[in-house]
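Chemist: Here you go, one structure.
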Amino acid sequence: MRYATLRDLDEAGLDIRVWCYGCARHADIWSGLWAEFERKGWSTELGDLPARFRCTRNRHDGTRHDVLIIPTKRPPPRPWAEEVAAFFHGSRAARKAESRG
Ligand SMILES: [Zn+2]
């Protein structure tokens, strides 16, 4: 499957890795952020994400710090987080089933 949005990754159990070409650093970001993005009215399309994740060294050294967004494996959750996630995903699946009518 090709992933189009942050939510697609979240539902596939993947996070995003933000890779900076300028300084070859990366950060892994929880893809569940899509809900926050939607709340703010921001695009969650993967192609639109680099504009939201700027390298923190961007302004300091005159180098271009363009970032690349790639899917990455989500780290295993702690037991309490698993329970919360199971509840959250379960209730979301239920809502989805309802909205399909
Ligand atoms: Zn950088």
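Readers should treat all values here as calculations from the given coordinates under stated rules, not as data from a laboratory. These numbers were taken from a predicted model, which means no experiment stands behind them. Note that we place each Cβ from the backbone using ideal geometry, even for glycine, and neighbour counts take in every protein chain shown.
Chemist: Could you list Tyr21, Tyr3 so that the one with the fewest beta carbons within 10 Å of its beta carbon is first and the one with the most is last?
Modeler: If I rank by nearby Cβ atoms, fewest first, I get Tyr21, Tyr3.
Chemist: Pulled fully out, how much extra length does the chain show between Tyr3 and Lys40, if you take 0.36 nm times their separation in residues and subtract their Cα-Cα distance?
Modeler: Gain on stretching Tyr3 to Lys40: 11.2 nm.
Chemist: Between Leu68 and residues 5 or more places away or on another chain, which pairs have amide H atoms under 5 Å apart, with H built 1.01 Å from N, and which residues are they?
Modeler: Amide H neighbours of Leu68, under 5 Å, 5+ apart: Trp19, Cys20, Tyr21.
Chemist: With a Förster radius of 30 Å, plug the Cβ-Cβ distance of Thr56 and Ala12 into 1/(1 + (r/R0)^6) and report the FRET value to the nearest 0.05.
Modeler: 0.60
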